[in-house]
Amino acid sequence: MGTEMPVARQRWWQTWTAWILWMLLMVSVWVAIHWYNLESTMRTAEEALVNMCDERARMLQDQFAVSVNHVHALAVLISTFHYQKNPSAMDQDTFAFYTGMTAFERPLLSGVAYAQRVLHSDRGNFESQQGWTIKTMKREPSPEQDEYAPVIFSQETVSYLEVLDMMSGEEDRENILRARATGKAVLTNPFRLLESNHLGVVLTFPVYRIGIPADATIEDRVEATAGYLGGAFDVESLVENLLKKLAGNQDIVVNVHDVTNISDPLIMYGAQNSEGYKPLSRVSMLDFGDPFRKHQMVCRYSQKPPIPWSAITSPSGMVVILMLVAYILYAAQKRYVMVMEDCRKMEELKVQAEAADVAKSQFLATVSHEIRTPMNGVLGMLDMLLDTDLNLTQKDYAQTAQVCGKALIALINEVLDRAKIEAGKLEIESVPFDLRSILDDVLSLFSAKSREKGIELAAFVSDNVPQVLTGDPGRFRQIITNLVGNSVKFTDRGHIFIQVHLAEHPNMPIEGMVCPSTNGKVDELEVMSGGTAFNTLSGYKAADNRNSWENFKLLLSNEASLAAVSLNGRPCEKNPESVTLIVSVEDTGIGIPLHAQERVFTPFMQADSSTSRNYGGTGIGLSISKCLVELMGGRINFISKPNVGSTFTFSAVLQRCTVNAGGDPKRSLSEDLPTCFKGIKALLVDERSVRSAVTKYHLHRLGISVEIAKNTKMALSTLNRQNGCSRNGKLPKVLFIEKDSWNNSDVCLLNHFLERKQADHIHEVPKVILLGISECDKAKGESLVDIVFVKPLRASTVAVCLQQVLGMDNQPRKELPKGAVFLRSLLTGKNILVVDDNKVNLRVAAAALKKYGAKVECAESGKEALSLLPLSHEFDACFMDVQMPEMDGFEATRQIRLMENEANELAKLRRVQSNDSDIVPPQWHLPILAMTADVIQATYEECMKCGMDGYVSKPFDEEQLYQAVAKFVASKPLQGS
């Protein structure tokens, strides 16, 4: 505990340190992504600002150029109509009128005026001619100077400029001189306009008397100059009008500067003090056509561009994603640690489970041995007791005790089967067997109970099912026995019907054998009552509607068509070697309650506690059946309705077997049926279609052709029709009548036959056999018919009945082989050594073997057995118990095999040394059969490993004993013979 705390604390610190470092990394990532998004936003805003500023500068230049072109055109107009016309076509009124009418073409100009060039020598003539004196900008007479530029024409908006000398100002004079020398428009510095008080500039354009070439010198230009045309530009209005036409003006601040003197830029538009967000600004140069002056436009956002939500959400989302990734990685790492820890624990649990499995196997072996050992003695002694002379009461007691003992053995076998299934050690045999004989055996097993309860018990096998199949007959019989046993247990009226068909039939339900929507959805009164009957085997309603007569009839017709196809040489099987059977067991019992249907196949589970109390059983049969069906490659399921009944259906994959390959040549795979009935005709009177089809199936197995009539009246009409067609008397020899189709009024049927015979209409009266389901039916009808046959129908018992009623008892027939006869032929005169530490079991085994003519010698331990088995022994076989004191059966067998191997090697060596190939040394090998009450797979494997040849479980019966002995005694010569 002290060492675990520091480790836990260290893990805690490591975890928190990792999380803190990860959080710092996340903060760094958030800051980096946020900074990147801000930079991206600023770059985008800067690009937008550049585009907007350049666009505004370009538009301002274009607007200014248009106005300059209009001024230039007006200069050409003055030159043409004032100087090149004589007399002049231009005066003040004309100029004012024209410029006023075309003012809309010059929206950026507040007004235009024309100043004539006047030399000082011409001043007097000019003033006398104009009638006014040239004045300066201050409205004072102009002082003497080389030349003057008084305004003679003006637009009404600037009429206040008349008589003013434009060269009276130093800056204006320089602009005028520069304009006439270059021949281009010249701009002044920005100043406040007189009327609007807006910032503006004056555009000065030279007017020449005549056109001059483009390469004229300055002197030529000065000589040709006639005057100067000027216009005042309202820069503020110009920019304001322009910005109003553009979108996004509210977002940016625009300033226009005259930067001719870069050290002292002059504001042309905008506030004197800079406004807006200064970190982002754009400077666009303006070209107004004056190469001497330089202008620029400065644009900036009115406020800092807003931070977009993406700059916050993107890093936050990325951080969240990374945090989730970190959590996933942390959870995965934690899960990995947990899985590794779980794996470690599972390894420990696996070791414990394996140890528990070994303990369980040992426990089952011990329990099985300890129970079977005394049961072997009990059943053996009872069997020996039954071979003695007993009165009827004593024999009944002994038989009852024997039946109870066998039931206990069967229960033990079921528990052991379940243990084998859970361990995966249950194997399926593959031997030839006759399916119809197995069903006959099952019917025989439950015939007494069905007669006692008065219920119909019948089996039907499709004609297309092969006569001989290869599979595990014991396990197949076990499945059928479990299902039929449950049906017999829970059915008190109606019927139990076993059907076997091929899965290739389209009407046989294979897929979806369970219909949950119909399970249990039935009223308790939905059973046969009064005159209501269903077309089933007994007339009672069945749980599965798919087993109705309509489907059954369609199935029979399909079988006939498939048989015809097969006869034509075109089999329809996809895999001719494999056969898939569909077996259904239908009953009209109490059904299964809805709440219990989900756990039907759960081991040791029953519908409720009253089931075991009222009907008995352990609830393990169905779970074993399900496992066996799955081992046979099939599935099992059911449809059940309370108070109606249940139908269990399962599939099984078997192999075809056309010959008795691999079987015992001395024993038949099926019970041979007599052939003396072939060609006999029979008439069956039965009002129920399903039941008549079952009866017809059993009679066909004997070679009897059958015609069916619904009642005795229809039977008489059939007989009359046949008699009318043939006078040779080829009428049915046997008349089968179902008990519920017979009534007292039908006694006249026999009289009718006698009358027909006396009238020589028929040669022989048919034999009448009444078919009943209980012993009381036999007592009631014996006096009215030839014989009463009590069901269930089996081909062998029907054959015996027909032989009796037709007087065929004295005809030669093949004697059916008996197991006791074979055993006696095998064991008579054979020397058998039986080794067992239990004296009772020793007596039972010795008595069972002596019963069949064997000479038996007994030993009570492995050491004693070794002393009786020197190489000169004359024993033909040895039955060896497994669990014995001092030396168990395994060790004794190893010692015997070691001794035999040494003797065989020595004999082989002597043969080689003698160089005599004619001498065949004896090969010592004593057949040793394990004889134990322990029947689990592990014990069987251990038996084979130590050298034993076979396995006989206690208590052994006649069939088991035959199978064990026949392999070694019958198939090879005896020792010393």
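The values are calculated or read from the model by the stated rules, or taken from the named source; none is laboratory data. Worth saying up front: this structure is predicted, and the values here are computed from it rather than measured. Note that each Cβ is placed from the backbone with ideal geometry, even for glycine, and that neighbours are counted across all protein chains shown. Ligands, DNA and RNA are excluded from the accessible area calculation, which covers all protein heavy atoms including side chains. Shrake-Rupley method; radii C 1.70, N 1.55, O 1.52, S 1.80 Å.
Points to keep in mind about this one:
- Only a single item in (1) within 23 Å of L673 (Cα to Cα); (2) among the polar types (S, T, N, Q); (3) open to solvent by less than 20 Å² (accessible area, probe 1.4 Å); (4) assigned to a helix (DSSP H, G or I) is not met by Q499, and it is number (4).
- Subset tally (residues that are of a type in the set (D, E, K, R), crowded, with 17+ Cβ neighbours inside 10 Å and part of a loop (DSSP other than H, G, I, E, B)) for the range 111-160: 1
- E452 passes every criterion in (1) at pLDDT below 85; (2) open to solvent by 70 Å² or more (accessible area, probe 1.4 Å) apart from (1).
- Tabulated pairs, the range 276-294, first free of Cβ contacts under 8 Å to residues at least 40 places away in the same chain, second open to solvent by less than 70 Å² (accessible area, probe 1.4 Å) and not in a strand (DSSP E or B), C-beta under 6 angstrom, 6+ apart or interchain: G276/S302; K294/V259; K294/T260
- Here F64 fits the description: open to solvent by less than 20 Å² (accessible area, probe 1.4 Å), aromatic (F, W, Y), in a helix (DSSP H, G or I) and at pLDDT below 85.
- Candidate set from the range 336-393 (those that are more than 20 Å from K420 (Cβ to Cβ) and of a type in the set (D, E)); member that is surrounded by the most Cβ atoms within 10 Å (Cβ to Cβ): D383
- Contact annotation: residue pairs with Cβ atoms under 7 Å, 6 or more positions apart or on different chains, pairing a residue in the range 638-659 that is in a loop (DSSP other than H, G, I, E, B) with a partner that is open to solvent by 10 Å² or more (accessible area, probe 1.4 Å) and of a type in the set (D, E), are N643/E524; V644/E526.
- The lone exception for D258 - which of (1) out of contact with any Pro (no Cβ under 9 Å at 6 or more places or on another chain); (2) open to solvent by less than 20 Å² (accessible area, probe 1.4 Å); (3) among the acidic types (D, E) it fails: (1)
- Close pairs (8 angstrom Cβ cut-off, 6 or more residues apart or separate chains): assigned to a helix (DSSP H, G or I) in the range 875-892, open to solvent by 30 Å² or more (accessible area, probe 1.4 Å) anywhere: G889/Q883; F890/E942; A892/K863; A892/L866
- Of D463, D441, all but one fail to be in a helix (DSSP H, G or I) and not β-branched (V, I, T); the exception is D441.
- There is no residue in the range 410-417 that is crowded, with 19+ Cβ neighbours inside 10 Å, under 23 Å from V653 (Cα atoms) and touching a strand residue (DSSP E or B) at 6+ places or on another chain (Cβ under 8 Å).
- The criterion of at least 1 residues that are among the charged types (D, E, K, R) is met, among strands (runs of 3 or more DSSP E) falling completely within the range 263-360, by 277-286, 295-301.
- Scanning the range 216-234 for residues that are buried (at least 18 other Cβ atoms within 10 Å of the Cβ) and either hydroxyl-bearing (S, T, Y) or modelled with pLDDT of 80 or more (or both) turns up A224, T225, A226, G227, Y228, L229, G230, G231, A232, F233.
- Here the range 872-913 is the region considered, the condition is being touching a helix residue (DSSP H, G or I) at 6+ places or on another chain (Cβ under 9 Å) and among the acidic types (D, E), and the residue that is farthest from C946 (Cα to Cα) is D876.
- Cβ-Cβ under 6 Å pairs, at least 6 apart or on other chains, the range 680-694 side over 24 Å from N551 (Cα atoms) and open to solvent by less than 10 Å² (accessible area, probe 1.4 Å), far side in a helix (DSSP H, G or I) and of a type in the set (G, A, S): L683/A715
- Cβ pairs under 8 Å, 6+ apart, first in the range 490-501 and farther than 18 Å from G591 by Cβ, second open to solvent by 10 Å² or more (accessible area, probe 1.4 Å) and of a type in the set (S, T, N, Q): Q499/N547; H501/N464
- Odd one out for A820, checked against (1) touching a helix residue (DSSP H, G or I) at 6+ places or on another chain (Cβ under 7 Å); (2) at pLDDT below 80; (3) surrounded by 13 or more Cβ atoms within 10 Å (Cβ to Cβ): (3)
- Tally of residues being small (G, A, S), touching a residue at least 24 places away in the same chain (Cβ under 8 Å) and open to solvent by less than 20 Å² (accessible area, probe 1.4 Å) across the range 823-860: 3
- Odd one out for P279 among (1) more than 30 Å from A401 (Cβ to Cβ); (2) open to solvent by less than 70 Å² (accessible area, probe 1.4 Å); (3) of a type outside the set (A, V, I, L, M, F, W, C): (2)
- For the residues V207, V163, the requirement of being surrounded by 15 or more Cβ atoms within 10 Å (Cβ to Cβ), touching a helix residue (DSSP H, G or I) at 6+ places or on another chain (Cβ under 6 Å) and within 27 Å of S88 (Cα to Cα) singles out V207.
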